[in-house]
Every structure is written in C-alpha cells, then in structure tokens.
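Before anything else, here's the structure in question.
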Amino acid sequence: MSYIDGFVAAVPNANKEKFIEHARKGDSVFIEHGALRVIECWGDDVPNGKVTDFRRAVQAKDDETVVFSWVEWPDKAARDAGMEKVMNDPRLSPENTPMPYDGQRLIYGGFVPVVEFSKNK
C-alpha cells in the first residue's frame, strides 16, 4: 500500500500564480525522486469552523487562500529515501526556489492509508 505526505498552507491570493509555478518546479523533483503523483489544490470551499478549521490551523489571513497538497509514494521506504533526496536537491533550495508563502505556517505529515476506495479498484 502507498504512503502519503500531506501539506496545508496559507498562500497570499496575490501569489496564486507564483504558487502554481513553484509547485510545477517542485513537483517534478518529487516525481524524479520516486513519488507516484503530486496533487496541489487551491482552496475553493474552505469554511470557518466553530472549534477548528483549515484556516485557523495555518493562521490564514483575510487575503490568503488555504492550499491542500499531497504526495503519493509507493511505500514508506520509498518516501524516506525520496524525501531525503528532495530535501537535498539544490533545485528546491530557498535561494533557487523561494516559497511564495510563509513556510513557518505550513502543516505537514506522513500518513499510512488504512482504507482506500477507487472506481478502478
């Protein structure tokens, strides 16, 4: 079964195109280092909750949109090896590819799928 890295961030609305450009550059590096696929999603229907929500989780400001992204790997071993290569790849250094959002408010984690449904499975 696959392994998933998930990410949630707040991106300034003015940086939407910069975010997309950043994702296109970075996502190809993930694929090159073993990821099966990368999905980048721009918030469209992200409601405010009564106790917690995505916006509060990343301290999104009024002029920011929440993005939700994930990277699918074949398994955790491939993720661990691939992520080490991704983190050391000079193409993704802050100098070469600066993040178009505040990385200190980025939430991320690795997840083991426990249930998977698909039209094709």
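Along region 38-43, what does the Karplus equation 6.51 cos²θ - 1.76 cosθ + 1.60 (θ = phi - 60°) give for ³J(HN,Hα), rounded to whole Hz, x for Gly and Pro?
Along region 38-43, the couplings run 10, 10, 10, 10, 8, x Hz.
What are the residues whose amide H is under 5 Å from the amide H of TYR3, where those residues sit 5 or more places off or on another chain and H is modelled from the backbone?
Answer set, sorted by chain and number: TRP73, ASP75.
State, as an integer percentage, the relative contact order of the chain based on alpha-carbon contacts under 8 Å between residues 6 or more apart.
It rounds to 48 percent for the chain.
Right, something else. What does the extension gain come out to for ASN13 and LYS25, with contour length at 0.36 nm per residue minus their alpha carbon separation?
Extending this stretch completely gives an extra 2.4 nm.
Which whole-Hz ³J(HN,Hα) couplings does region 100-108 yield from phi under the Karplus relation 6.51 cos²θ - 1.76 cosθ + 1.60, θ = phi - 60°, glycine and proline marked x?
With coefficients 6.51, -1.76 and 1.60, one gets x, 7, 7, x, 6, 9, 6, 10, 8 Hz.
Tally Lys and Arg at +1 and Asp and Glu at -1 over the other residues with C-beta under 11 Å from the C-beta of LYS61: what net charge comes out?
Summing Lys/Arg as +1 and Asp/Glu as -1 gives -2.
If you don't mind, there's one more thing I want to ask. How large is ³J(HN,Hα), in whole Hz, for each residue of region 13-28 in order, when computed from phi with the Karplus curve 6.51 cos²θ - 1.76 cosθ + 1.60 and θ = phi - 60°, using x for Gly and Pro?
So the Karplus estimates, Gly and Pro as x, are 3, 5, 9, 4, 5, 5, 4, 4, 4, 4, 5, 4, 5, x, 5, 5 Hz.
Please work out the average accessible area per residue across the chain, using the 1.4 Å probe convention, and give it in Å². Mind showing how you got there, number by number?
Working: 8150 Å² over 121 residues.
On a per-residue basis, 67 Å².
Sticking with this structure for a sec: Per residue, what volume in Å³ does the Cα convex hull of the chain take up?
About 130 Å³ per residue, rounded to a whole number.
If you don't mind, another one. Could you look at the chain and say what percent of its accessible area is carbon and sulfur, using a 1.4 Å probe and all protein chains? Before the final figure, lay out each step's value.
Working: 4480 of 8150 Å².
Reported share for carbon and sulfur atoms: 55 percent.
The values are calculated or read from the model by the stated rules, or taken from the named source; none is laboratory data. Model, not experiment: these values are computed from the prediction. A quick note on method: Cβ atoms are made from the backbone with ideal geometry, for glycine too, and the neighbour counts reach across all protein chains shown. Just the protein is used for accessible areas: all its heavy atoms, side chains included, with ligands, DNA and RNA removed. Shrake-Rupley method; radii C 1.70, N 1.55, O 1.52, S 1.80 Å.
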